[in-house]
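The values are calculated or read from the model by the stated rules, or taken from the named source; none is laboratory data. Since this is a predicted model, take the numbers as computed values, not measurements. Heads up, the Cβs are rebuilt from the backbone with ideal geometry, glycines too, and the neighbour counts pull from every protein chain shown. Ligands, DNA and RNA are excluded from the accessible area calculation, which covers all protein heavy atoms including side chains. Shrake-Rupley method; radii C 1.70, N 1.55, O 1.52, S 1.80 Å.
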Amino acid sequence: MSRGRIEKALSGFYYVNTGAEILQCRARGKFRKEGLSPLVGDWVEVRDLGNGEGFVESIEPRKNVFSRPSAANIDQLVIIASGAIPVTDPYLIDRISAIAALKDCEVLVCLNKCDLDRAEELYQIYCDSAIPVLRVSAETGEGLDLLRQKIAGKLNAFTGNSGVGKSSILNALDPRFSLPVGEVSKALGRGRHTTRHVEMFALAEDTYVIDTPGFSSFDTEELNLELKRRLPETFPEFRPYMDECRFVGCRHVKEKGCAVLQAVKDGKIPRARHASYVRLADELKDVNEWDKK
C-alpha cells in the first residue's frame with residue numbers, strides 16, 4: 001500500500017501521485033455504496049497492481065470539498081476577475097468568497113488584463129475589504145511574481161467568470177501547462193469554456209494549482225442551509241461589529257441599531273461588499289431546513 005494524492009480524475013480513472021510514480025487507478029466499489037467519490041486533491045491509500053496501475057483503497061479525512069468543481073483539500077481559491085471585457089460583477093466574487101470562507105478556504109482576488117484596464121473600482125473594493133487583491137497581466141507579466149508568492153506552498157484552485165484569462169495566467173506562470181485558451185467572443189462578451197476536466201498541476205515544490213470551469217459551475221448545491229445560517233461570518237469585515245448590534249440575531253440588512261450597517265455608513269466596510277451580502281441573503285432566504293440533504 002502506498003500513500004498518494006489524486007492529481008487528475010478522468011473517465012472513471014484516478015491518477016495518483018505517490019511520489020515515486022503516477023498510478024492510473026480505479027476506485028473500489030465500496031466508495032459507490034458509501035456515496036463517496038475520490039476527488040482531485042484527495043490524499044489516498046492505493047494498492048499497486050504493477051504496470052503503472054492500481055486501486056484506490058481508502059480516502060483520508062478531508063479539509064473541505066467543493067462539489068463543482070469536484071475537488072478536495074483546497075487551501076486557497078484564486079478568483080480571477082477583470083475590468084476589461086468581460087467585466088466582472090463584484091457580486092460573483094463575493095458569492096464565491098462566501099462559499100470559500102464557509103469551507104475554511106483562503107481567498108485571493110486576482111485582477112487580470114490590467115494592461116487593458118486597471119480595474120480601479122474592483123481594486124478599491126477589495127483593498128478596503130478583508131480579502132487580499134492584486135493586479136496581474138498574463139500578457140505583460142505584471143504582478144506574476146507576487147502571484148507566485150501568494151500561492152506558494154498551497155493547493156490553489158483558479159476560478160473566475162469565463163473569458164477572464166484563467167488558463168492564460170497559468171500558462172504565463174509556467175509554459176509547461178500548455179492549457180488551451182479560448183478567445184473571448186466579442187458578441188457575447190464572454191469566453192467559450194475550454195476546461196473539460198479537473199486537474200492538479202505542480203507549479204513548484206508543494207505548490208499546486210487547479211484550473212476549473214467558470215463561475216457558473218459554482219451552482220446552487222453550494223448555496224445551502226449552512227451558508228444561510230453562517231452567512232455574516234463569511235464576510236470577514238463584519239466580524240468586528242457583529243457583537244455590537246442592538247439586537248441578538250440581527251440580520252445586518254436594515255435593522256435599527258445594527259453596528260455592521262453603521263460601519264458601512266462610516267466607510268469601514270465597502271458598500272459593494274454589503275450590497276453583495278444583502279443580495280446573497282435574499283438568494284438564500286428560500287433555503288429551508290427540509291431542503292438539507
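Counting only protein chain heavy atoms and rolling a 1.4 Å probe, the accessible areas of K8, K228 rank, largest first, as K228, K8. Mind telling me which of P38, P240, P232 comes out most flexible in a GNM of the chain, alpha-carbon contacts under 10 Å? Among P38, P240, P232, the largest GNM mean-square fluctuation belongs to P240.
Summarising the amide proton neighbourhood of E199: residues at separation of 5 or more, or on other chains, whose placed amide H is nearer than 5 Å comprise D211. Report the relative contact order of segment 31-95, percent, no decimals, based on alpha-carbon pairs under 8 angstrom and at least 6 residues apart. It rounds to 23 percent for segment 31-95. Output the 0 to 90 degree angle, nearest 10, between the alpha-carbon long axis of helix 90-102 and the longest principal axis computed from the alpha carbons of the chain. Around 60 degrees separate the two axes.
Annotation: extensible slack from C127 through N288 equals 54.5 nm (criterion: 0.36 nm per residue apart, minus Cα-Cα distance).
Provide the percentage of antiparallel DSSP beta bridges, counting only those with both residues in segment 1-111; round to the nearest 5.
Details: 21 of 32 bridges.
Counting only bridges with both partners in segment 1-111, antiparallel ones make up about 65 percent.
Working note: Karplus 6.51/-1.76/1.60 with θ = phi - 60° gives segment 105-116 the couplings 10, 5, 10, 10, 8, 10, 8, 8, 6, 5, 6, 9 Hz, where Gly and Pro are set to x.
Note that segment 228-293, at 20 °C in a medium of 1.002 mPa s, gets a Stokes-Einstein diffusion coefficient of 173 µm²/s from its Kirkwood radius over C-alpha pairs.
Using 0.36 nm per residue, how much length does the chain from L144 to F31 gain when fully extended, once their Cα-Cα distance is taken away? Show your work: numbers first, answer last.
Values: separation 113, 0.36 × 113 = 40.68 nm, distance 4.01 nm.
Stretched fully, the L144-F31 segment lengthens by 36.7 nm.
Applied to segment 153-169, the Karplus parametrisation 6.51 cos²θ - 1.76 cosθ + 1.60 on θ = phi - 60° returns per-residue 3J(HN,Hα) values of x, 10, 8, 10, 9, 8, 9, x, 5, 4, x, 7, x, 4, 5, 4, 5 Hz, with x for Gly and Pro.
In the elastic network of the chain, a GNM with C-alpha springs shorter than 10 Å, the most mobile of G83, G41, G19 is G19.
Enter the accessible area per residue of the chain (Å², integer; probe 1.4 Å; all protein chains in place). Could you put the intermediate results ahead of the total?
Working: 14730 Å² over 293 residues.
Per-residue accessible area for the chain comes out at 50 Å².
Applying 1/(1 + (r/R0)^6) with R0 = 41 Å to the Cβ-Cβ distance of L116 and R176, what FRET efficiency is obtained, to the nearest 0.05? Efficiency, from the Cβ-Cβ distance: 0.95. Relative to the longest principal axis of the Cα atoms of the chain, helix 271-284 runs at roughly 70 degrees.
When the accessible area of the chain is split by element with a 1.4 Å probe, what percent falls to carbon and sulfur?
Details: 7110 of 14730 Å².
Carbon and sulfur: 48 percent of the exposed surface of the chain.
Can you quote the Å³ per residue value for the convex hull of the Cα atoms in segment 22-79, rounded to an integer?
Dividing the Cα hull volume of segment 22-79 by its residue count gives 92 Å³.
A Cβ-based charge dipole, computed about the Cα centre of segment 78-176 with Lys and Arg at +1 and Asp and Glu at -1, lands at about 360 debye.
Once you keep just the Cα pairs under 8 angstrom separated by 6 or more residues, what percentage relative contact order results for the chain? Mind dumping the intermediate values first?
Values: 565 pairs, mean separation 45.1, N = 293.
Once normalised by length, the contact order is 15 percent.
Counted residue by residue at 0.36 nm each, then reduced by the alpha carbon distance between them, the extension gain from K254 to R279 reaches 7.7 nm. The charge dipole of the chain, taken about its Cα centre with unit charges on the Cβ of Lys, Arg, Asp and Glu (plus for the first two, minus for the last two), comes to roughly 700 debye.
Here the calculated FRET efficiency for D266 and A202, from their Cβ-Cβ distance with R0 = 41 Å, stands at 0.35, rounded to the nearest 0.05.
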